[in-house]
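Quick notes on the structure that follows.
The values are calculated or read from the model by the stated rules, or taken from the named source; none is laboratory data. What you see is a predicted model, and the numbers here were worked out from it, not measured in a lab. Heads up, the Cβs are rebuilt from the backbone with ideal geometry, glycines too, and the neighbour counts pull from every protein chain shown.
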Amino acid sequence: MSTISEIADKYLLTTYRRSIALVKGRGRRVWDSEGREYLDFGGGVAVSSLGHAHPAMVEALHKQSQLMIHSSNLYYNEPQALLARELVESIGEGRVFFSNSGAEANEGLYKLSRLFGRERGAYEIITMVDSFHGRTMGGISATGQEKVKHGFEPLVPSFVHVPFNDIEAVKAAVTPKTVAVLIEGVQGEGGIFPAKPEYLLALRKLTKEKGLLLLLDAVQCGFYRTGRFQSYERILEGVSGGEGFRPDAIAMAKAMGGGFPMGAFWVSAEHASLFTPGSHGSTYAGSPLACAVGLAVLDTVRKEKLDENISVQGARLLEGLKKLKNQFPVIEEVRGLGGLVGLQLSVEPPDVQPFFVKEGLLLVGAANRTLRYLPPFNTTADEVDEALDKTAKALSALGKR
Ligand SMILES: *Cc1c(COP(=O)(O)O)cnc(C)c1O
């Protein structure tokens, strides 16, 4: 009998380097096809916000699937209406469009920009070096990393990249063709780099002055990942002038569905009417099933105060990793905000990850030689300590190699 990996390696496109085959998950634990247990601090790449097999998600899936799984956007559906209201009430006056993924949510931002700049012939979007915006043609064009673009040229010709957290670079890049600036609140795939508070405020001021849209890709950093609903609320906490900060549009996904594929973008009331009937669409997006799950995730985060929990556990993890830095010279830097924590090493992730897998800890690689810790929001202090212990063991083994 062939193993899972043998079959997969024969029939799947070879776009991923996979390691183990996972067959089951519960809470923050997962098990592979050989029965080995792992602590999952990769969370399916920042997706499994409630961990695995959370009863609230299982119940929402079960209940809604018996009622109706899919209805299309030709009709109203209650979970979609209710989730849209939750998102708008959480962000601010505006409207929401649902998508099936993060890349697709970002496509909505690009299309909004085109509609916004049409009359004056502006269409260029300034994005950041080391950003990541997804794998669609628009997404790889927007992404400020060469490796995702390679081989796919010609790209969508309307994106300009400048260094992140550098307001002067943005100012210098603005031309009459510029229509928007797109940032991540915390660069995720780039290696966990949070936006600086003064940068956010300066960007908001600049875009207002120049009549540009400020767009936020919150696919990874949004939906309570940093401990607040949106990363800018966390970054600007207690910063004077920060209370009124709001982008013109925000893309979300990942933690939103807790593992059920879904995303959304929010557009401020001022710009929402740029989209008119027929101007955008999706067959599957915003299905009753997806939105019922999204509501269950939101409800659970609020009821169980998981926003506070991920903030506390993320800080514990960050502190613990910083302590390990003295012990292991291979650690170059530790960065983080809430449940987004990055361990920058002097070696590339593929060279160290086998050591972590061997210790039973699942993490996710990122650019700039960074390993990402993206624990579910309901992780515990004991699990954080266990992750730290496994990290120390993996780095010791790496040192002895
Ligand atoms: C993951 C990610 C995306 C792409 O999301 P998909 O669901 O894979 O399409 C886009 N932007 C950011 C910031 C991400 O982290």
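Here are the numbers for the structure shown:
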{"item": "Yes/no for residue 244 being in a loop (DSSP other than H, G, I, E, B) and either of a type outside the set (Asp, Glu) or on the phi < 0 side of the Ramachandran plot (or both)", "result": "yes"}
{"item": "Residue match in the range 46-55 (condition: on the phi > 0 side of the Ramachandran plot and over 21 Å from the mean Cα position of the chain (by Cα))", "result": "no"}
{"item": "Verdict on residue 188 being in contact (Cβ under 8 Å) with a residue 40 or more places away in the chain and small (Gly, Ala, Ser)", "result": "yes"}
{"item": "Subset of the range 150-207 [within 14 Å of residue 123 (Cα to Cα), assigned to a loop (DSSP other than H, G, I, E, B) and within 16 Å of the ligand (Cβ to nearest atom)]", "result": "156"}
{"item": "Options 357, 352, 341, 384; residue that is in contact (Cβ under 8 Å) with a residue 60 or more places away in the chain, crowded, with 19+ Cβ neighbours inside 10 Å and assigned to a helix (DSSP H, G or I)", "result": "384"}
{"item": "Failed item in (1) surrounded by fewer than 22 Cβ atoms within 10 Å (Cβ to Cβ); (2) hydrophobic (A, V, I, L, M, F, W, C); (3) more than 19 Å from the chain's Cα centre (by Cα); (4) within 16 Å of the ligand (Cβ to nearest atom), with residue 125 passing the rest", "result": "(1)"}
{"item": "Number of positions in the range 274-297 that are surrounded by 24 or more Cβ atoms within 10 Å (Cβ to Cβ) and assigned to a helix (DSSP H, G or I)", "result": "7"}
{"item": "Candidate set from the range 208-227 (those that are in contact (Cβ under 8 Å) with a residue 12 or more places away in the chain and outside any loop (DSSP other than H, G, I, E, B)); member that is nearest to the ligand (Cβ to nearest atom)", "result": "217"}
{"item": "First in the range 75-86 and closer than 10 Å to residue 295 by Cβ, second anywhere and not hydrophobic (A, V, I, L, M, F, W, C), Cβ under 6 Å, 6 or more apart", "result": "79/288; 80/286; 83/294"}
{"item": "Residues (among the charged types (D, E, K, R), away from the ligand (no atom under 13 Å from the Cβ) and farther than 14 Å from residue 298 by Cα) located in the range 85-111", "result": "93, 95, 111"}
{"item": "Inter-residue pairs, beta-carbon under 7 Å, first closer than 9 Å to residue 267 by Cβ and in a helix (DSSP H, G or I) and in the range 96-113, second within 8 Å of the ligand (Cβ to nearest atom) and at pLDDT 95 or above, 6+ apart", "result": "108/251; 109/251"}
{"item": "Tally of residues being surrounded by 21 or more Cβ atoms within 10 Å (Cβ to Cβ) and part of a helix (DSSP H, G or I) across the range 247-273", "result": "3"}
